[in-house]
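Written out below as structure tokens is the structure these notes cover.
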Amino acid sequence: MELQGKVALVTGAGSGIGAASALLLAQAGARVGALGHTEDELQATAARIRDGGGEAMPLLADVASPDEMGRAVERLAQAYGRLDIAVANAGINGVWAPLDELAPEEWDRTMAVNLRGTFLTLRYAVPWLKRAGGGSVVIVSSINGTRTFTGAGATAYACSKAAQLALGQMAAVELGKHGIRVNVACPGAIETEIGDNTRQRHTEAAAVPAEYPAGEIPLTGKRPGRAEDVAGLVLFLASERSRHISGTPVWIDGAQSLLM
């Protein structure tokens, strides 16, 4: 129970990495605000936490909306009197298409959820982390845009993920004097539902052939990682075990991005 007495906010907590992270943080003793835009999924995550003896608050909000995010973070922090951990995980793959076919509104939607959502999470969580005397922020980015650039048509997604890393590193420098650590998890292929919000259109026109060694993921062959694998990294970065780590990207991909 290394997070006993701590309060954590997890965005995108209805499924995948967000749900797994919310569950693991709760198992470590944190009271968890599970934030997302699908109420039944959030209620399911909160129920699983409560069934395991933990404490959770579902928070229905659009991560791209300043008003909704401000109210959600305020509700969580006021209810529990503090906020110690913020996990900016909410994200979409969006539309993958050649640059000259990608509509401006498709670009904007990906940026709104992935980048604006991350900024707003920090924007409203940081004042409470300062009041708590410090804390930990974990941004969930990707190997795409940080170490891998071969996803055909994934320009908007990769740019949003690259910007998340830059945001995290800028924030780590700015917030260090307040005792706030900011780190960036960069998963590779992970078994989640993110593919459900992916639209691919004529990506073959943007593809460039590449030769890889046998086995797409050196550590596991073709088997992707699990959401729980990333949640373990989130717990480590949220805990005191990583107290001297800040501004650091951690690629959690079984060495996949070293080949791509």
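The values are calculated or read from the model by the stated rules, or taken from the named source; none is laboratory data. Note that the structure is a prediction, hence the values are computed from the model and not measured. All Cβ positions, glycine included, derive from the backbone under ideal geometry; neighbour counts span all protein chains shown.
Couple of notes before you dig in:
- Out of Ala86, Ala22, Ala13, sole residue that is part of a loop (DSSP other than H, G, I, E, B), closer than 30 Å to Pro224 by Cα and of a type in the set (A, V, I, L, M): Ala13
- Criterion: more than 24 Å from Asp229 (Cα to Cα), surrounded by fewer than 20 Cβ atoms within 10 Å (Cβ to Cβ), out of contact with any Cys (no Cβ under 9 Å at 6 or more places or on another chain) and touching a residue at least 12 places away in the same chain (Cβ under 8 Å) - qualifying residue of Ala103, Ala61, Ala132, Ala72: Ala132
- Any hit, the range 146-167, residues being hydroxyl-bearing (Ser, Thr, Tyr), crowded, with 21+ Cβ neighbours inside 10 Å, at pLDDT 95 or above and not in a helix (DSSP H, G or I): no
- Sole exception among (1) in a strand (DSSP E or B); (2) farther than 30 Å from Cys159 by Cα for Asp40, by number: (1)
- Those residues of the range 170-187 which are within 16 Å of Phe119 (Cβ to Cβ) and in contact with a Pro (Cβ under 8 Å, 6 or more places away or on another chain), in sequence order: Val184
- Of all residue pairs spaced 6 or more apart or on separate chains, those with beta-carbon atoms under 6 Å, a first member in the range 1-28 that is basic (Lys, Arg) and a second member that is part of a loop (DSSP other than H, G, I, E, B) are Lys6/Ala30; Lys6/Asp84.
- Top-ranked residue of the range 60-119 - restricted to ones that are touching a strand residue (DSSP E or B) at 6+ places or on another chain (Cβ under 6 Å) and of a type in the set (Val, Ile, Thr), ranked as farthest from Ser239 (Cα to Cα): Val95
- Residue list for the range 149-163, filter: more than 14 Å from Asn93 (Cβ to Cβ) and in contact (Cβ under 8 Å) with a residue 60 or more places away in the chain: Thr150
- Given (1) under 22 Å from Glu191 (Cα atoms); (2) surrounded by fewer than 19 Cβ atoms within 10 Å (Cβ to Cβ); (3) hydroxyl-bearing (Ser, Thr, Tyr), number of the condition Thr110 does not satisfy: (2)
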